[in-house]
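The values are calculated or read from the model by the stated rules, or taken from the named source; none is laboratory data. Everything numeric here is computed off the predicted structure, so don't read it as measured data. A quick note on method: Cβ atoms are made from the backbone with ideal geometry, for glycine too, and the neighbour counts reach across all protein chains shown. Calculation scope for accessible area: heavy atoms of the full protein, side chains included, ligands and nucleic acids excluded. Shrake-Rupley method; radii C 1.70, N 1.55, O 1.52, S 1.80 Å.
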Amino acid sequence: KTSLHNQTRPQQYAPAPPRWTHAQPSLKKNSELAAKPVDEGQVTDRRRMSSFGTLFRVSTFGESHCKGVGAIVDGCPPCLALTEADIQPQLSRRRPGQSRLTTPREEKDLVTIMSGTEHGHTLGTPIGLFVPNEDQRPGDYKEMSDIPRPGHADLTYLLKYGNKASSGGGRSSARETIGRVAAGAIAEKWLAVTYGTHISCWVSSIGDVSVPESAVPAGEGGAFGWTRAQVDEQGTLRMLRDPASLRVWTERDEPDDAKRKAANVASEIAAEEDFLKLVGVHAGASAAGLKEAGARGVGAATGSEAALKALPCYEDWQGVIYNWQGELVTPSNGFDLAQWRTKELLPLRCPHPPTACRMATLIRQVKLEKDSIGGGGGRLW
């Protein structure tokens, strides 16, 4: 069947609803934005806002807090071996809630292939992919339903489409990328099977922190960079905590599960604030951090910047220890690494550990300030 969008609309069908454009808002509330209908011929076809590609065409669907998100992939050749197992690893890599550096939203992001395959092979027909939203909390956005949030796409959507989702970012939420990742996994498999093409990328910069060009390894045949396995392994850090600043509540300390969990969360928050006071992220060691380090006798000379440089903060995949600036730390005699290790892993996907340490510290500081930060993105070779 051919979509009516690709045909001349028969007379018996009702005309398309009017499209809307908005004047520049002079009032604060979304509901007060003035609107007027415009001639359909003057408006770019907005039906394609969520579709990409020509031969291999992907249309994503879903909003941040609806029942689910996904994609329709049209144009995938038939007879390609394909199951959820080919797609899930990539969705698991992008899944939220993996560390303190990302959104705390808890989602399993388990994909289901709804159509387009049979007996583990593609049919050449549209492939439907669906991932349910399990952590739906539309009530968290009540105070934002009338006023567009700074730094988000709320106002842009209102001005362009005359409407927006009332909870979360709607279509501009990072949840929308699930469909792109799932469709990309299918394209990636076809490229690998057909042409032996393999794709790897990594985080090369966040804010003003970048991987030095000299740190990017040279591969065979003129290739550069790390493999995906290396990115995942070498681009993950383990968080280290001074045991003197982090109290771990056990069942003996608090028998009640809920209270014990709350106590450990409060202890972790206090330890994180303590860490950020110590390092004074942006301008080297802050005066408050130096004073606190001196009071606690951290590391080398009391109250000096050298004390902070000697503070273990991260451990890389080889067991090498770094401070908050990504500089090597040589533990003093009697240092017990097991006491400093936490269960928390930071999958930064920056396979240059010194740079990854600086990135992690920067993100932690920005999150404490309830802000956000971007960068140069991933580098593709």
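Arrange the peptides 327-336, 352-361 so that the one whose residues have, on average, the most other Cβ atoms within 10 Å appears first. Display every interim value, and only then the final one.
Numbers: 327-336: 10.3, 352-361: 24.1.
So the order, starting with the most tightly packed, is 352-361, 327-336.
In sequence order, what are the phi-derived ³J(HN,Hα) couplings for the range 336-343 according to the Karplus relation 6.51 cos²θ - 1.76 cosθ + 1.60 with θ = phi - 60°, rounded to whole Hz, with x for glycine and proline?
Running phi through 6.51 cos²θ - 1.76 cosθ + 1.60 with θ = phi - 60° gives 10, 4, 4, 6, 8, 5, 10, 7 Hz.
Would you mind checking the pairs LYS277/LYS343; LYS160/LYS189; LYS67/LYS343; LYS189/LYS343 and listing those with alpha carbons more than 30 angstrom apart? Walk me through the numbers before you get to the answer.
Numbers: LYS277/LYS343 22 Å; LYS160/LYS189 36 Å; LYS67/LYS343 32 Å; LYS189/LYS343 33 Å.
From LYS277/LYS343; LYS160/LYS189; LYS67/LYS343; LYS189/LYS343, over 30 Å: LYS160/LYS189; LYS67/LYS343; LYS189/LYS343.
With the crude spin-label approximation of a point 7 Å out along Cα→Cβ, what separation in nm comes out for HIS152 versus ALA187?
2.9
When Lys and Arg each count +1 and Asp and Glu each count -1, what net charge do the other residues less than 9 Å away from ASP253, Cβ to Cβ, add up to?
On the way: positive: ARG247, ARG252, ARG260; negative: GLU251, GLU254.
It works out to a net charge of +1.
Could you give the length gained on full extension between ARG228 and ALA81, defined as 0.36 nm per residue of separation minus the Cα-Cα distance, in nm?
Details: separation 147, 0.36 × 147 = 52.92 nm, distance 2.16 nm.
Once the chain is fully extended between ARG228 and ALA81, it gains 50.8 nm.
Keeping every protein chain in place, order LYS343, LYS259, LYS160 by accessible area at 1.4 Å, biggest value first, i.e. largest first. The partial results should precede the final answer.
Values: LYS343 195, LYS259 130, LYS160 100 Å².
My answer, sorted largest first, is LYS343, LYS259, LYS160.
Can you list residues whose amide H is under 5 Å from LEU348's amide H, if they're 5+ apart or on another chain and H is modeled 1.01 Å from N?
Amide H neighbours of LEU348, under 5 Å, 5+ apart: LEU237.
What ranking do 117-127, 236-246, 218-228 get when scored by the average of other Cβ atoms within 10 Å per residue, highest first? Please report the intermediate quantities before stating the final value.
On the way: 117-127: 15.1, 236-246: 18.5, 218-228: 11.7.
Highest mean packing first, the order is 236-246, 117-127, 218-228.
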